[in-house]
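Here's the structure, in structure tokens; my notes come after.
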Amino acid sequence: MQIKEFTINYIKKLTQILNQIDIEVIEQIIHTLEETINKNKIFIIGNGGSAATASHMANDLGVGLKRREIISFNIDSLTDNTPAITAIANDIGYENIFYSQLKNVIKKNDVLIAISCSGNSENIIKAVKYAKEQNAKIIGVTGFDGGELKKLSDINFHIDTQKAQYGIVEDAHMILDHIIYSYYINKDLNEQ
């Protein structure tokens with residue numbers, strides 16, 4: 001397959017996926033995030049490309065909106081502390097990198113945004129199960145068939161694709177971040 005043909009097909013597939021996004025779920029996510037203002041904390045977790053999305057989302061929804069004095073979410077990406085992650089992974093196992101950071105910290109009505117293309121990453125599932133035990137709200141951001149994370153989520157933003165279509169799924173997950181971020185930017189501009 002030629003580069004041009006591949007690119008055209010990729011864009012077509014991404015466009016089809018974006019046209020299938022459940023807008024109601026995005027609205028539920030925004031309302032859930034807003035319920036945390038001045039009361040609760042938002043944590044975000046993910047591996048690999050999803051870790052990059054978690055970090056980007058915490059930057060946009062935390063610093064980006066706060067600096068513009070639009071809205072102030074108390075939000076942290078648990079993917080950003082490399083020394084903590086590597087120490088936990090080395091000492092007690094990679095499956096504990098998020099669970100250990102959440103243990104005795106996440107509280108009732110806090111929000112955990114868990115990003116996982118497969119929805120089956122052991123470290124994600126362990127953290128989600130612990131957060132649910134603490135009565136935190138789970139926003140799952142999934143792809144492929146959604147895996148276990150889709151079943152455990154209170155709200156699930158799902159990109160239904162064949163397995164191993166990481167690029168398409170991760171593109172759509174990043175677009176979710178930018179939709180939420182841009183919604184607040186646009187809302188602020190229209191209120192001025």
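When only alpha carbons of the stretch 96-176 are considered, Rg and Dmax amount to 12.3, 37 Å.
Using 21 Å as the Cα-Cα cut-off, could you pick out the over-long pairs in 66/132; 129/150; 129/163; 12/150; 4/163; 41/108?
From the list (66/132; 129/150; 129/163; 12/150; 4/163; 41/108), the Cα-Cα distance tops 21 Å for 66/132; 129/163; 12/150; 4/163.
Computed over neighbours whose Cβ is under 10 Å from that of residue 144, the net charge equals 0, Lys and Arg +1, Asp and Glu -1.
Set the Förster distance to 45 Å, then compute FRET efficiency between residue 35 and residue 92 from the Cβ-Cβ distance, nearest 0.05. Write down the numbers at each step before the final one.
Working: r = 33 Å, r/R0 = 0.73.
According to the calculation, E is roughly 0.85.
Spatially, the stretch 116-138 and the stretch 26-71 are offset by 17 Å when compared through their Cα centroids. Among the protein heavy atoms, those of residue 94 account for about 120 Å² of accessible surface (1.4 Å probe, every chain in place).
For the pair residue 120 and residue 175, the difference between a 0.36 nm per residue extended length and the Cα-Cα distance amounts to 17.6 nm. In this simple spin-label approximation, residue 81 and residue 162 carry label points 7 Å from Cα along the Cα→Cβ vector, and these lie 4.1 nm apart.
Model label points for residue 13 and residue 1, set 7 angstrom from Cα along the Cα-to-Cβ axis, are 0.6 nm apart.
With every protein chain left in place and a probe of 1.4 Å, what is the accessible surface of residue 1, to the nearest 10 Å²? Accessible area of residue 1: about 150 Å². Packing-based ranking of 15-26, 58-69 yields 58-69, 15-26, ordered from highest to lowest mean Cβ neighbour count within 10 Å.
For the chain, which whole percent of the accessible surface, found with a 1.4 angstrom probe, sits on carbon and sulfur atoms? It would help to have the intermediate numbers written out before the result.
Details: 4950 of 10010 Å².
Percent of accessible area from carbon and sulfur atoms in the chain: 49.
The residues 181, 166, sorted by heavy-atom accessible surface at 1.4 Å with ligands and nucleic acids left out, run 166, 181 from largest to smallest.
Placing a label point 7 Å from the Cα of residue 23 along the Cα-to-Cβ direction, the residues of the stretch 164-187 whose backbone N falls under 20 Å of that point are 172-187.
Less than 10 Å Cβ to Cβ from residue 112, Lys/Arg counted +1 and Asp/Glu -1: what total charge do the surrounding residues give? It would help to have the intermediate numbers written out before the result.
Numbers: positive: 41, 132, 137; negative: 110, 154.
Around residue 112, the charge tally is +1.
The values are calculated or read from the model by the stated rules, or taken from the named source; none is laboratory data. None of these values were measured; they are calculated from a predicted model. As a convention, Cβ positions derive from the backbone with ideal geometry for all residues, glycine included, and neighbour counts pool all protein chains shown. Side chains are part of the model used for accessible areas, which takes the heavy atoms of the whole protein and leaves out ligands, DNA and RNA. Shrake-Rupley method; radii C 1.70, N 1.55, O 1.52, S 1.80 Å.
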